[in-house]
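> Mind looking over this structure? Questions follow.
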Amino acid sequence: MRRTATALLLLGVSLSSHAFDFVSVAEPAILYDANSLKAKKLFVATRFLPLEQVVELANWVKVRDNSGKLFWIEKRQLSSKRYVMVTVPLTIVRSSPDEGGEVVFKAAQQLGLEWLGNTGTGWVKVRHEDGSTGYLKSGDVWGD
């Protein structure tokens, strides 16, 4: 009994410590319910949409979106360049990773921003498509 409990505990630790990789949609792409072009087409994902990579096959990747739903997408339509998606109605991007930082720009919900890194202090460094860079609260985005 003790050996089984230890094995389950170790398995739980290894599973919880496994971080999935994030990828983004390189161009508008169809998301499917299975890994085949003949599978049911569910919807079209927009460019820069961040997705959590769950399973990778030769030509297909099983991904999770910010709602937790799972889909399949052709691997060729993904980019390793990371993006985050704003999940709150409006967030402020600041010049430094703190509330006192100057406002660089405001970002609306569902906007895709290039992920430049996580500060480890609750802030994420991002770049807007126009080249503006700054920091926003990590709780305001998904894909970090």
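The values are calculated or read from the model by the stated rules, or taken from the named source; none is laboratory data. Please read these numbers as outputs of a predicted model, since none were measured by experiment. Neighbour counts are summed over all protein chains in view; Cβ atoms, including those assigned to glycine, are modelled from backbone coordinates with ideal geometry.
> Do we have TRP123 as in the same structural domain as VAL25 (by TED's automatic domain parsing) and touching a helix residue (DSSP H, G or I) at 6+ places or on another chain (Cβ under 7 Å) here?
Taking the combined requirement at face value, the residue does not satisfy it.
> Quick one: GLY68 ticks every box in (1) assigned to a strand (DSSP E or B); (2) assigned by TED's automatic domain parsing to the domain that holds ILE30 except a single one, so which number is it?
Every condition holds for GLY68 apart from (1).
> Further, regarding this structure: Quick one: which residue in LEU42, LEU51 is surrounded by fewer than 17 Cβ atoms within 10 Å (Cβ to Cβ) and either part of a strand (DSSP E or B) or at pLDDT 95 or above (or both)? Walk me through it before giving the result.
Working: LEU51 fails: surrounded by fewer than 17 Cβ atoms within 10 Å (Cβ to Cβ).
Answer to the check: LEU42.
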